[in-house]
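Here the structure is laid out as structure tokens; the discussion comes afterwards.
Bear in mind that the values in this text are calculations on the coordinates, not laboratory data. Since we're looking at a predicted model, the values are computed, not measured. Virtual Cβ from ideal backbone geometry, glycine too; neighbours counted across all protein chains shown.
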Amino acid sequence: MIIFKDNDNLIQAVGLYVIDSNGDKDFLDSGATVQVTLSIDGVNVVGETWPLSLTYIPNTDGDFQAVLKDTLTLTLGKICKAVLTVDNGANQRAEFTHDLLIQTRQF
């Protein structure tokens, strides 16, 4: 995936859910805490207070989003590590990681 330098970037977590005691999917909603932290070479990216909270998108099946500001200090060509943490209460926590390539937006 890509993150664009000097641009606002929308980050989304789509379809977050837990499995209930019956084995059914229960999609997360506004009761869950979903946050992201960005780092480069193990150091948090400058320009934001981390972790950044993602907001639940109403009437969706577990979709959350946040805007990453255009003022983030990103270096072209570097890999930015995104760590997404999800907390929906006791025994319902998860962490996901994804690498983002920093690029310039082209037209």
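Structure notes:
- Among the candidates VAL34, VAL45, the residue that is among the β-branched types (Val, Ile, Thr) and under 16 Å from ASN9 (Cβ atoms) is uniquely VAL45.
- For segment 14-54, the tally of residues that are aromatic (Phe, Trp, Tyr) and under 15 Å from THR71 (Cα atoms) stands at 1.
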